[in-house]
Amino acid sequence: MTDSASTAQTMTPVRIAGTGSYLPERIMTNKDLEKSVDTSDEWITTRTGIRARRIAAEDEHTSHLAAKAGAKALEQAGIDAADIELIIVATITPDTLTPATACYVQQHLGCLKAVAFDISAACSGFLYALEMARTSVGGGAFKNALIIGAEKLSAFVDWTDRNTCVLFGDGAGAAVIVPSTNGDGRVLSSQLGTDGAQAGLLNIPGGGSACPMTTENAPESLAYLAMQGREVFKHAVNAMKKASIDGITAAGLTPKDIKLLIPHQANLRIIDAIVERLEINREDVFINLDKYGNTSAAAVAIALDEAHREGRIQRGDKILLVAFGAGLTWASAVIEW
Ligand code: ACO
């Protein structure tokens, strides 16, 4: 297991200049799912808090969702696509195994001088991307970055498996990262962690070099997401509590200083456990998983954008982002807006 922690003291601080998100039009409710698998609205709502999720159209790929979210973030930041120098897309549902989804996004948006690559850290991916952008832009290698969490999980979910299909949805969220020059907002701390020993708890086993998809194994659903939910639940609660506390401490703050908690949107019971540990008021927690389900790398990014656009984050507010996902991975970031 590795844990990396850093503070923004040794390089130029960075801030978020704009956020954006995009959700596909089609809404799939729990009631809709009742018609296709042996489940109930009552089970899904009580166990997870999820009431609906969005499903991308067949010809709407992860890169399309990502580009739409990215365009909104660029517009809000007031930065031309042509001026973006770095694009990082966090996703576990890329358009293709190669090239990276970020390369398609570069073309969709016209960020023609940007260096573009993907990272795969599941639900923690957006916060991993934030840390890569913080060090890249803060260290001076790039003058700005567009980071995007985007997923089309509906393409990797076994729609006959009630254990997983009720949990996930599609969407994308984005942020533009620039140097913080005038003492305005900045990323105060960032914590990343990985435990590859637990890789088997949550994965998509087929489609990679370990198990290439063939005409023989294709019907065995190996390219679908598989999860040991109860085990993942326990790890999620512990890792997100620790990442939250470590992040707040590294920023030189206490939980009382946090104006808004934006947690990964997987399960309301996981969020409740974290809120209880941090003694943060429930009203100071942003939740949208009821509408979108778990959108993995996109979840924190979408929630950040919605919280920002709804006026839940004001200049000077200190906010805590925290996530957990396959890997296992976890991450937190404390930001002064
Ligand atoms: N409808 C009805 N019954 C169901 C459903 C369903 N959709 N799914 C499972 N069940 C049944 C199970 O079969 C089981 O029945 P049994 O007792 O007869 O065997 C029973 O409900 C209880 O199943 P559990 O898995 O123990 O249910 P639990 O309360 O743990 O909830 C859940 C399951 C929601 C998956 C939970 O464990 C969870 O949220 N885990 C964490 C997921 C997470 O955080 N993932 C984050 C990362 S995701 C990523 O990285 C892509």
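When you check Ala150 against the structure, is it more than 30 Å from Ser36 (Cα to Cα), surrounded by 19 or more Cβ atoms within 10 Å (Cβ to Cβ) and among the hydrophobic types (A, V, I, L, M, F, W, C), yes or no?
Values: more than 30 Å from Ser36 (Cα to Cα): no; surrounded by 19 or more Cβ atoms within 10 Å (Cβ to Cβ): yes; among the hydrophobic types (A, V, I, L, M, F, W, C): yes.
Answer is no for this residue.
Of all residues in the stretch 271-289, how many are open to solvent by less than 70 Å² (accessible area, probe 1.4 Å) and farther than 23 Å from His308 by Cβ?
Initial filter on the stretch 271-289 (open to solvent by less than 70 Å² (accessible area, probe 1.4 Å)): 271-275, 278, 280, 284-289.
Now narrow it down to the ones that are farther than 23 Å from His308 by Cβ: 272-273.
Looking only at that region, the number is 2.
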- Message: Given the condition closer than 30 Å to Ala239 by Cα, assigned to a helix (DSSP H, G or I) and at pLDDT 95 or above, answer yes or no: does some residue in the stretch 103-123 qualify?
- Response: yes
- Could you please let me know if Leu222 is away from the ligand (no atom under 13 Å from the Cβ) and touching a Cys at 6+ places or on another chain (Cβ under 7 Å)? yes
- Message: For the list (1) open to solvent by 70 Å² or more (accessible area, probe 1.4 Å); (2) under 25 Å from Ala301 (Cβ atoms); (3) within 20 Å of the chain's Cα centre (by Cα), I need the number of the one condition that Leu201 fails.
- Response: (1)
- What are the residue pairs meeting all of these: first residue in the stretch 182-196, first residue within 11 Å of Val14 (Cα to Cα), second residue of a type in the set (D, E, K, R) and open to solvent by less than 20 Å² (accessible area, probe 1.4 Å), Cβ atoms under 8 Å, and 6 or more apart or on different chains? Val187/Arg134
- Query: in contact with a Pro (Cβ under 7 Å, 6 or more places away or on another chain) and either in a helix (DSSP H, G or I) or open to solvent by 30 Å² or more (accessible area, probe 1.4 Å) (or both) - does that describe any residue in the stretch 154-172?
  - Reply: no
- Message: Just to check your reading of the model, which residue among Asn288, Asn294 is in contact with a Gly (Cβ under 9 Å, 6 or more places away or on another chain) and under 23 Å from Thr29 (Cα atoms)?
- Response: Asn294
- Message: Every residue in the stretch 83-107 that is hydrophobic (A, V, I, L, M, F, W, C), away from the ligand (no atom under 16 Å from the Cβ) and in contact with a helix residue (DSSP H, G or I) (Cβ under 9 Å, 6 or more places away or on another chain), please.
- Response: Ile84, Leu86, Ile87, Ile88, Ala102, Cys103, Val105
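Please work out which residue is most open to solvent (accessible area, probe 1.4 Å), limiting yourself to the stretch 57-73 and to residues that are in contact (Cβ under 8 Å) with a residue 24 or more places away in the chain and more than 29 Å from Ala333 (Cα to Cα). So that I can check it myself, show each step before the final result.
Residues of the stretch 57-73 in contact (Cβ under 8 Å) with a residue 24 or more places away in the chain: 57, 60-73.
Imposing the further condition that a residue be more than 29 Å from Ala333 (Cα to Cα) reduces the set to 57, 60.
Numbers: Ala57: 45, Glu60: 25 Å².
Checked the stretch 57-73; the qualifying residue most open to solvent (accessible area, probe 1.4 Å) is Ala57.
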- Query: Counting only residues that are open to solvent by 10 Å² or more (accessible area, probe 1.4 Å), within 15 Å of the ligand (Cβ to nearest atom) and not in a strand (DSSP E or B), how many does the stretch 325-337 have?
  - Reply: 2
- Might you check whether a residue that is buried (at least 20 other Cβ atoms within 10 Å of the Cβ) and not in a helix (DSSP H, G or I) occurs anywhere in the stretch 75-85? yes
- Task: Give the stretch 23-42 a look and list any residue that's of a type in the set (Gly, Ala, Ser) and either touching a residue at least 12 places away in the same chain (Cβ under 8 Å) or closer than 17 Å to Phe168 by Cβ (or both), or say none.
- Result: Ser36
- Query: Any idea how many residues of the stretch 175-219 are within 16 Å of the ligand (Cβ to nearest atom) and among the polar types (S, T, N, Q)?
  - Reply: 3
- Query: Looking only at residues in the stretch 181-194 that are among the small types (Gly, Ala, Ser) and open to solvent by less than 10 Å² (accessible area, probe 1.4 Å), which one is farthest from Asp246 (Cα to Cα)?
  - Reply: Gly185
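Please state which one of Leu23, Leu97, Leu33 is surrounded by 23 or more Cβ atoms within 10 Å (Cβ to Cβ) and farther than 25 Å from Gly185 by Cβ. Spell out the reasoning first.
Details: Leu97 fails: surrounded by 23 or more Cβ atoms within 10 Å (Cβ to Cβ); Leu33 fails: surrounded by 23 or more Cβ atoms within 10 Å (Cβ to Cβ).
Just a single option satisfies the conditions, and that option is Leu23.
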- Message: I'd like the residue in the stretch 46-56 that is open to solvent by less than 30 Å² (accessible area, probe 1.4 Å) and within 13 Å of the ligand (Cβ to nearest atom) and, out of all such residues, is nearest to Ala172 (Cα to Cα).
- Response: Arg53
- Query: Does Ile262 qualify as being open to solvent by 20 Å² or more (accessible area, probe 1.4 Å), within 17 Å of the chain's Cα centre (by Cα) and away from the ligand (no atom under 12 Å from the Cβ)?
  - Reply: no
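The values are calculated or read from the model by the stated rules, or taken from the named source; none is laboratory data. Worth saying up front: this structure is predicted, and the values here are computed from it rather than measured. Please note: Cβ atoms are built from the backbone with ideal geometry, for glycine as well, and neighbour counts cover all protein chains shown. For the accessible areas, the whole protein counts, side chains as well, though only heavy atoms, and no ligand, DNA or RNA atoms are used. Shrake-Rupley method; radii C 1.70, N 1.55, O 1.52, S 1.80 Å.
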